[in-house]
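First comes the structure, then the notes that go with it.
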Amino acid sequence: MSKRWQYLTIEMPPSMMKGGPHPEKVQAELTKQGNLGWELVNMVHYGQLSPGLLIFKKEQ
């Protein structure tokens, strides 16, 4: 039987990355979602002026 996944994307505003990454803010979001059962799959960031995307999944 194949697994079914549910996905979640969270946008991190450019201000969160302004002046360099803020690891404590990213870590807080990762911990929050992890406690809700989500697993980080990938993070996408195209540059300073664009938002970053955290991509999570969890089994349905």
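The region of the chain that goes longest without hitting one of the trypsin sites (Lys or Arg not before Pro) in a DSSP loop, each with at most 12 other Cβ atoms within 10 Å, is 19-60. Accessible area of I10 (1.4 Å probe, protein heavy atoms only, ligands and nucleic acids ignored): about 30 Å².
For N35, what charge total do you get from the other residues with a beta carbon under 15 Å from its beta carbon, if Lys and Arg give +1 and Asp and Glu give -1? The answer is 0. Ellipticity at 222 nm from helices only: DSSP H runs of n ≥ 4 in the chain, each -39500 (n - 2.57), divided by the residue count, give -8000 deg cm²/dmol.
Local charge for L53 was computed over the other residues whose Cβ lies under 12 Å away, with Lys and Arg +1 and Asp and Glu -1, and equals -2.
In this structure, the amide hydrogen of G52, modeled 1.01 Å from its nitrogen in the peptide plane, lies closer than 5 angstrom to those of M12, counting only residues at least 5 positions away or on a different chain. Note on exposure: L49, L8 ranked by accessible area (1.4 Å probe, complete protein assembly) read L49, L8, with the most exposed listed first. The slack in the chain from Q27 to Q60, taken as 0.36 nm per residue of separation less the alpha-carbon distance, amounts to 9.4 nm. Here each label is just a point 7 Å from Cα along the line to Cβ, and for W5 and S50 those points are 2.1 nm apart. Taking Cα atoms only, the orientation of helix 23-35 departs from the longest principal axis of the chain by about 20 degrees.
The values are calculated or read from the model by the stated rules, or taken from the named source; none is laboratory data. Keep in mind that this is a model prediction, so the values were computed, not measured. Backbone-built Cβ (ideal geometry, glycine too); neighbour counts: all protein chains shown. Calculation scope for accessible area: heavy atoms of the full protein, side chains included, ligands and nucleic acids excluded. Shrake-Rupley method; radii C 1.70, N 1.55, O 1.52, S 1.80 Å.
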